[in-house]
Amino acid sequence: MSRQTLALIHTSATLIPVFAQLCRAKLPAVDTFNIVDDSLVRAIGAKGGLTPDIAQRVAGYIASAESGGADFVLVTCSSIGPAVEAAAPACRVPVLRVDQPMADRAVQIGRRIGVIATLATTLDPTADLVRRRAALAGTTIEITPRLCAGAFEALLAGDSARHDDMITAALRELCTEVDVILLAQASMARAVENLAANDRCVPILASPPLAIDYLATHM
């Protein structure tokens with residue numbers, strides 16, 4: 001049986017080693033390749049949201065992944081999630097937005113769902129996805145969004161400690177109000193490592209491991 005190939009589309013090169021480690025551990029029989037364009041998130045920020053021209057670029061990367069030999073495509077950025085869903089039907093191989101398995105898990109866990117993001121342009125798409133996945137599952141939910149303003153800029157500036165501290169503070173506060181917390185961006189997962197055990201009073205879900213777990217049973 002021939003080996004399958006997974007294409008990963010990123011908007012930050014920092015996520016390549018994160019997913020490479022997960023794929024080695026959980027998808028050892030799958031080959032991978034990466035497509036990266038870190039200008040996409042900057043363009044979304046500059047234009048105030050996902051615009052048709054940005055969505056067209058996302059569709060182009062997905063088509064490129066397919067033509068590059070991918071048997072499955074994973075897009076690791078939540079900010080472009082709606083563009084991923086729009087482009088997927090035109091692709092002849094399965095396409096997954098990274099936060100869908102996480103949204104499905106959250107809906108299974110509890111009714112009160114917290115969503116934390118470091119980008120305003122990611123917060124709404126993630127919350128919208130959770131609402132739609134809940135509706136698909138026939139579940140009634142209540143979403144509490146929380147924006148860690150300035151954390152993403154700190155990360156881009158190389159101040160990862162400040163980025164992590166801001167997310168940790170938001171997690172401590174939000175965990176007293178909800179049944180489960182979603183980290184809206186894959187880049188936020190690192191902050192959970194610094195959270196004390198007694199501050200993890202509810203499940204905190206990060207998209208990278210849940211997405212790779214999903215692929216492990218669907219490839």
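Couple of notes before you dig in:
- The Cβ shell under 13 Å around ASP128 holds other residues with a net charge of +1, Lys and Arg each +1, Asp and Glu each -1.
- Taking ASP99, ASP53, ASP179 as the candidate residues, the one with maximal mean-square fluctuation in a Gaussian network model of the chain, Cα springs under 10 Å, is ASP53.
- Counting only protein heavy atoms and using a 1.4 Å probe, the accessible area of LYS47 comes to about 110 Å².
- Solvent exposure of GLU177, expressed as accessible area, is near 70 Å², computed with a probe of 1.4 Å over the protein chains only.
- Within the shell defined by Cβ-Cβ distances under 15 Å, the residues around ALA161 carry a net charge of -3, with Lys and Arg each +1 and Asp and Glu each -1.
- With Cα atoms, 0 to 90° folded angle of helix 207-218 axis to the chain main axis: 40 degrees
- Debye log10 I(q)/I(0) for region 30-86, one point scatterer per Cα, at q = 0.16, 0.17, 0.23, 0.31 Å⁻¹: -0.48, -0.53, -0.92, -1.45
- Calculated Rg and Dmax of region 37-164 using C-alpha coordinates, Å: 15.6, 43
- Rounded to 10°, Cα long-axis angle of helix 160-174 versus longest principal axis of the chain: 60 degrees
- Surface listing: ILE181, ILE141 arranged by accessible area from highest to lowest gives ILE141, ILE181, probe 1.4 Å.
- Accessible area of region 1-156 divided out per residue, in Å², using a probe of 1.4 angstrom: 46 Å²
- Sum of side-chain charges, ASP199 neighbourhood, beta-carbon under 14 Å (Lys, Arg +1; Asp, Glu -1): -3
- Pairwise inverse Cα distances across region 127-219, averaged and inverted, put the Kirkwood hydrodynamic radius at 14.5 Å.
- 0 to 90° range, to nearest 10: angle between helix 100-109 axis and the chain longest Cα axis: 40 degrees
- Dipole magnitude of region 78-204, debye to nearest 20 (Cβ charges: Lys/Arg +1, Asp/Glu -1, about Cα centre): 420 debye
The values are calculated or read from the model by the stated rules, or taken from the named source; none is laboratory data. Since this is a predicted model, take the numbers as computed values, not measurements. Counting neighbours? That spans all protein chains shown, and the Cβs are built from the backbone with ideal geometry, glycine included. Each accessible area value is taken on the protein alone, full model and side chains, heavy atoms only, with ligands, DNA and RNA left out. Shrake-Rupley method; radii C 1.70, N 1.55, O 1.52, S 1.80 Å.
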